[in-house]
1. Considering only residues of the range 18-48 that are surrounded by 12 or more Cβ atoms within 10 Å (Cβ to Cβ) and of a type outside the set (Gly, Ala, Ser), which is nearest to the chain's Cα centre (by Cα)?
2. Applying the selection to the range 106-131, what residues are part of a helix (DSSP H, G or I), under 21 Å from Asp68 (Cβ atoms) and either in contact (Cβ under 8 Å) with a residue 40 or more places away in the chain or not charged (D, E, K, R) (or both)?
3. Could you check the range 4-33 and list, in sequence order, the residues that are in contact (Cβ under 8 Å) with a residue 24 or more places away in the chain and either part of a helix (DSSP H, G or I) or not hydrophobic (A, V, I, L, M, F, W, C) (or both)?
4. Select from the range 65-102 the residues that are free of Cβ contacts under 8 Å to residues at least 12 places away in the same chain and polar (S, T, N, Q) and list them in ascending order.
5. Tell me which of these Met1 doesn't satisfy, since it passes every other one: (1) in a helix (DSSP H, G or I); (2) modelled with pLDDT under 90.
Amino acid sequence: MQKAHLSVYLEPDIMAQLAVLADRKQLTMSLIAEAAITSYLTPDEPDRREVTRRLDRLTRQGERLQRDLWIAAETLALFVRFWLTVTPPLPERAQAAAQAKGRERFALFLETLGRRLAKGQSVLREMTRDDEVDGANPRAQQITSDSQPSSQGGQP
């Protein structure tokens, strides 16, 4: 089969890359250009569609993770603001004892967190299961009403 002739103008850097690839593969620049054009004009092969599908799925998972991280950060920030708003400051004479108790409780918190993570336990999943079994969670309704500002300056 006789091939048709085509003249193409390339940017100098593209031409240099084509020459390097031709030398490395020990092929003519014409054969490499033909393969590139064929690849560009050929509909996606099944393998390419699979890769594209997987990349799309990874993109969606990444977006979900980003959203979940944003929700977690916002939740933490809201909790800290609420806690700082409703917790009165301690008198000077009680601060040393409170700091010691705080270090003790924080160490216990870290131990509990480590155990739960090692076991794969999740408080959020447990709470969701409890809500499904009990119907609506009455404590959640109480927390919601407690967080509403009251006539006492927002204190529950």
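1. Ranking the candidates gives Arg48 first.
2. Within the range 106-131, Leu113, Leu117, Val123, Leu124, Met127, Thr128 qualify.
3. Within the range 4-33, just Ala33 meets the criteria.
4. Residues satisfying the conditions are Gln66, Thr75, Thr87, Gln95, Gln99.
5. Checking Met1 against (1) in a helix (DSSP H, G or I); (2) modelled with pLDDT under 90, the one that fails is (1).
The values are calculated or read from the model by the stated rules, or taken from the named source; none is laboratory data. Just so we're clear, the structure is a prediction, and the values are computed from it rather than from any experiment. So basically every Cβ, Gly included, is an ideal-geometry build from the backbone, and we count neighbours across all protein chains shown.
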